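Shown next, in structure tokens, is the structure this report addresses.
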Amino acid sequence: MDSTKMAAQFIDVLKDGVVAATGCTEPIAVAYGAANGRAVLADQTIQKIEVKVSPNIMKNAMAVIVPGTGEPGLLVAAAAGALCGQADAGLSVIANMTPADVPAVLELAHSGRVSAQVAAVDDDLYVEVSLTTAKDTVRVCIAGAHTNIFLVEKNDTVLFSKERPSAHATSDFKAFMKTVTFADIWQFAHNVDLKSIAFMKDAATVNMALAEEGLHHDYGLKLGRSIDQASTSGFGSGMAADLGNRIVAYTAAASDARMGGAPLPAMSNSGSGNQGITATCPVCVVAQHVNADEETLVRGITLSHLTALYIHAFLPVLSAFCATDSAAMGAAAGVVYLMDDDFQTACRSINNMASDAAGMICDGAGCSCAMKVATSVASMYRSVNLALMQIAVPASNGLVCHQIDETIQAIGRLGTEGLAGTDPTILNIMVEKKSDQVQEVR
């Protein structure tokens, strides 16, 4: 493929894979389905909402706070989408929900008229929302991607349909990304016309605003704030004294805010706000540290996000692999670009990370995601530091391969093949804790 065509494809990939999302994208997908069902029903009073989701959606929705509501789970997400959602707003479906809307949302969620269960499907990502009124029932089905509606039915009459993705389908964008190399991405980020990627500055604006929100208010675990304030407990020096602490604190604070229900969007990556945060905040912090100009920042963020999208192309859309780690590998590339702009250093950084936290497990979305985000970016800092000193984990170790693209593909195999049996175990453990959100697991 010639460089001009490849550059155009990369820009399309970025526009598709780096988008704003208000709230954790798994419950938000349910809210999106509910909002689109409600759009068909107009102003009819909803008597019942039934939600069926794939196991990974359930795992990632049980503990995470729905923005603005203070409460977690699919029941709240479905009620919010049905009562307040904007059907055409994508992952920002409930961004305009106001405090005045919340009592009605919570009343419906806790009324016994909303239910959620795991669907008997093989899909990596599946959402089905049925809304019933006194005279109509509308069913909305989503698969393959968080906003990919493939079926809308009203009283068993099909209003909209398109081909349902296969259970483990790969999008055209992911298929394209599997054909490129890390070197292609490195060259693109350096050489593409700046005007073509200027939109990537939005990732910095949005995700650093989320970080500031988490640093100055109490959300989730308050992990970012605790790192900044560690000197008060005598167990650290705070983020001002150390670049590594500052990177971890800002990135964890953004995750704290997002998972703790802050009514601010995150700029996502690969359908995940936490991945978007992890690919963005470390690059922004280091850019401030080196006094980078705006062009250097935009190119660094572009390199980070596109590298994260490249690595995630070899992974399922949702899996037991915590992809904040692959997003942090993207951040490693962006940070190296800012620090010494050397391709081999970037390769060493990603290889070093592959030897460290690549086996980190996703055990569902919630406030503890900030811990995993912190682990990923701390690994990134250690790995880049080694790489800058010309130190590399040798290819005789674990997932590390002689060529960077082989390492990235090995990470994909780990997430796709090696961890395939992990998700059911995690979900069973979560369900056995008797969450009142789950009525049936098949």
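For the ranges 197-204, 247-254, what's the packing order if you count other beta-carbon atoms within 10 Å of each residue, average per peptide, and put the highest first?
By packing density, highest mean first, the sequence is 247-254, 197-204.
7 Å from Cα along Cα→Cβ at both His168 and Asp405: what's the point-to-point distance in nm?
Simple spin-label model gives 2.3 nm for this pair.
Rounded to the nearest 20 debye, what is the charge dipole size of region 22-167 about its Cα centre when +1 sits on each Lys and Arg Cβ and -1 on each Asp and Glu Cβ?
160
Mean Kyte-Doolittle hydropathy of -1.0 or higher plus an axial Cα length of 18 Å or more: which whole DSSP H helices in the chain meet both?
Helices passing the filter in the chain: 3-17, 25-41, 201-216, 243-259, 273-289, 294-312, 324-339, 369-388.
Given the Cα-Cα distance of Arg113 and Gln187 and 0.36 nm per residue of separation, how much length would full extension add, in nm?
21.2 nm
Treat each spin label as a single point 7 Å out from the Cα along the C-beta direction, and report the Ser3 to Lys433 distance in nm.
Distance between label points: 5.1 nm.
Between Met371 and Thr296, what's the calculated FRET efficiency when r is the beta-carbon distance and R0 is 25 Å? Round to 0.05.
0.20
Rounded to the nearest 20 debye, what is the charge dipole size of region 174-216 about its Cα centre when +1 sits on each Lys and Arg Cβ and -1 on each Asp and Glu Cβ?
The calculation lands at about 240 debye.
Going toward the positive end of the dipole of the chain, with +1 on Lys and Arg Cβ and -1 on Asp and Glu Cβ, which of Val373, Leu386, Met353 do you reach last?
Of the listed residues, the answer is Val373.
What value in Å³ per residue do you get for the convex hull of the alpha-carbon atoms in region 172-423?
120
Just to confirm my understanding: which cysteines in the chain have no other cysteine beta carbon less than 4.7 Å from their beta carbon?
Cys with no partner Cβ under 4.7 Å: Cys24, Cys84, Cys141, Cys281, Cys284, Cys347, Cys367, Cys369, Cys401.
Taking the Cα centre of each part, how many Å lie between region 53-131 and region 161-230?
Cα centroid to Cα centroid, the span is 23 Å.
What order, most packed first, do the peptides 229-241, 66-78, 33-45 have when packing is the mean number of other Cβ atoms within 10 Å of each residue?
66-78, 33-45, 229-241
Grab the Cα-Cα distance for Ala104 and Gln344, subtract it from 0.36 nm times how many residues apart they are, and report the gain in nm with one decimal.
So the chain would gain 80.8 nm between Ala104 and Gln344.
Can you work out the PRE-style zone for Ser231? Point 7 Å along Cα to Cβ, and I want the residues of region 265-303 with backbone N under 19 Å.
Once the point is set 7 Å along Cα→Cβ of Ser231, 289 turn out to lie under 19 Å by backbone N, inside region 265-303.
Using just the helices of the chain, give the 222 nm mean residue ellipticity in deg cm²/dmol: DSSP H runs with n ≥ 4 each add -39,500 (n - 2.57), and the total is spread over all residues, rounded to 500.
-15500 deg cm²/dmol
When 1/r is averaged over all different Cα pairs and the result inverted, which Kirkwood radius in Å belongs to the chain?
So the Kirkwood estimate lands at 21.8 Å.
At what distance in angstrom do the alpha carbon centres of region 283-328 and region 6-52 lie from each other?
Each part reduced to its Cα centre gives a spacing of 23 Å.
On alpha-carbon atoms, Rg over Rh for region 67-128 using Kirkwood Rh?
Across region 67-128, the Cα-based Rg/Rh ratio is 0.99.
How would you rank 157-170, 103-116, 302-315, highest first, on the average number of other Cβ atoms within 10 Å across their residues?
Answer by packing, highest mean first, reads 302-315, 103-116, 157-170.
Tally Lys/Arg at +1 and Asp/Glu at -1 over every other residue whose Cβ is under 10 Å from the Cβ of Asp256; what's the total?
+1
Farthest toward the dipole's positive end in the chain, which of Phe10, Gly73, Gly418, given Cβ charges of +1 (Lys, Arg) and -1 (Asp, Glu) about the Cα centre?
Of the listed residues, the answer is Gly73.
Rg and Dmax in Å for region 272-388, alpha carbons only: what are they?
Over region 272-388's Cα set, Rg and Dmax evaluate to 13.1, 39 Å.
Run the dipole for the chain about the Cα centre, Lys and Arg Cβ at +1, Asp and Glu Cβ at -1, nothing else charged, and hand back the magnitude in debye, nearest 20.
With Lys and Arg at +1 and Asp and Glu at -1, about 480 debye.
With both bridge residues required to lie in region 22-167, what share of the DSSP beta bridges run antiparallel, to the nearest 5%?
80
We did not get these values from a lab; they are worked out from the coordinates using the rules stated. Worth saying up front: this structure is predicted, and the values here are computed from it rather than measured. With ideal geometry, Cβ positions are generated from the backbone for all residues, glycine too; neighbour counts draw on all protein chains shown.
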